[in-house]
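As structure tokens, the structure follows; a few thoughts come after it.
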């Protein structure tokens with residue numbers, strides 16, 4: 001087993017492309033682990049923590065390929081990565097390539113003066129400066145980049161506010177603008193419901209559910225996870241709210257976020273109540289849903305947000321929160337195969353908001369869980385790599401993605417954790433998500449079905465597998481086909497992340 005690396009001077013690639021390339025290299029026989037990153041100090045430190053050593057020499061603008069495995073496989077991986085990185089772009093329709101590379105927003109605007117949005121995906125320490133450049137050129141901004149300080153984020157958003165421009169992010173992974181999916185987004189039909197969300201997978205869940213219910217999305221804007229912090233004040237969410245209020249194609253508005261501070265929540269709700277359109281609000285786990293405000297309707301879960309919005313759009317009765325509809329008899333049939341030693345839920349999530357929502361719902365059943373990202377009332381895992389009692393983890397957290405692709409791009413880490421937890425004789429339920437759409441793995445069930453089959457064939461104690469598939473049949477990966485493959489493998493499928501969590505918690509609570 002050897003470690004090899006190669007650095008390419010002044011070769012920039014965005015983080016999604018690098019994660020996808022890392023995923024491809026990790027699939028080569030004989031490769032134990034591969035990482036492709038820009039050579040920033042933070043990335044080099046993460047690679048050292050991931051076991052690639054501390055002797056890699058690179059500058060921030062250099063691209064670094066590091067591989068660990070058998071000697072021949074490492075050579076093959078580096079050669080394959082080099083070919084991918086140095087391949088010439090396809091020729092345009094006129095058979096000509098640009099004579100000058102587009103190395104700045106100014107040059108990009110010269111080629112495309114009609115453009116009005118810049119997507120920024122550079123290391124966090126450089127992202128703020130690039131956002132300022134874009135705003136000063138009159139461009140709206142989507143910042144896929146994370147690790148931007150709150151002080152920098154506020155300055156960026158205050159400049160955007162002054163220029164009447166929108167900033168989505170930092171750490172905004174999902175948006176749908178004028179029908180175009182950006183980042184980790186799904187293919188949904190156009191329609192009359194607009195969404196503003198401080199959560200990537202929360203936005204995906206809501207927009208997919210709207211699509212599944214037969215309606216469509218006008219615009220879906222992400223704000224980044226820090227927008228509703230006290231230091232930022234919900235600037236982007238308020239801008240998005242006003243933009244949708246002025247949009248003639250939007251008839252119903254949905255707002256999604258983890259619970260903001262009382263002051264920020266009151267500010268957003270006050271503005272929402274003054275808009276002449278119905279607004280559906282889901283502050284995940286918030287306790288102020290009994291407040292009566294003009295035009296404001298509260299939802300209890302991500303999927304419920306979409307269901308309420310669709311009912312309002314159709315002028316139908318607003319639905320109560322629906323939970324998993326399994327009857328008591330069906331639950332008894334599911335639990336008959338479990339042993340008395342099996343009593344814990346092990347939640348394995350690629351979506352951070354799905355992890356958070358699952359913790360909220362299991363807590364409603366009196367179940368206290370451990371997590372690497374615990375909500376209030378839950379506990380921090382002693383070791384993020386090892387589950388204890390009820391455990392609900394976010395595999396997209398930095399602790400798991402240092403030097404590795406995000407599990408939505410490469411499900412290898414998710415599969416390994418599912419196998420590890422399924423082999424624990426105390427595990428009653430393995431609860432997990434499968435996220436589809438652009439940017440996500442083309443083969444999200446790669447190796448997973450084999451692992452489930454292995455568990456069923458080799459173990460005397462088999463847990464119940466419960467899953468939710470977030471996506472649509474218009475996605476590059478068909479939701480129906482993915483769901484049917486899981487059903488054929490004996491997995492219990494829920495219609496939403498909340499339903500999956502309800503079923504898992506109800507099942508475990510029945511065990512006594």
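Laboratory data are not the source of any read-out in this text; all were calculated from the coordinates shown. Keep in mind the model is a prediction, meaning the values are calculated, not measured. Cβ atoms come from the backbone with ideal geometry, glycine included; neighbour counts cover every protein chain shown.
Worth pointing out:
- A simple packing score, the average count of other Cβ atoms within 10 Å per residue, orders the peptides 206-219, 334-347 as 206-219, 334-347, with the highest score first.
- Over the stretch 103-171, equivalent-ellipsoid semi-axes from the Cα gyration tensor in Å: 19, 14, 9
- Take the Cα of residue 487, step 7 Å toward its Cβ, do the same at residue 247, and the gap between the two points is 3.3 nm.
- Rg then Dmax, both in Å and based on the Cα atoms of the stretch 60-211: 18.8, 56.
- FRET E, pair residue 163, residue 72, Förster distance 35 Å, beta-carbon r, rounded to 0.05: 0.05
- Using the average count of surrounding beta-carbon atoms within 10 Å as a protection proxy, the listed peptides 484-495, 193-204 rank, highest first, as 193-204, 484-495.
- Antiparallel bridges, percent of DSSP beta bridges restricted to the chain (to nearest 5): 30
- Mean projection area, nm², convex hull over Cα of the stretch 2-86: 4.7
- Extension gain for residue 45-residue 510 works out to 162.8 nm (0.36 nm per residue, less the C-alpha to C-alpha distance).
- FRET efficiency estimate (nearest 0.05) - Cβ-Cβ, residue 104 to residue 335, R0 60 angstrom: 0.50
- Each label was represented as a point 7 Å from its Cα along the Cα-to-Cβ direction; for residue 17 and residue 149 these points are 3.0 nm apart.
- Two-site label geometry, residue 190 and residue 295: point separation in nm, points 7 Å out along Cα→Cβ: 2.4
- Calculated FRET value between residue 382 and residue 460, using beta carbons and R₀ = 35 Å, to 0.05: 0.80
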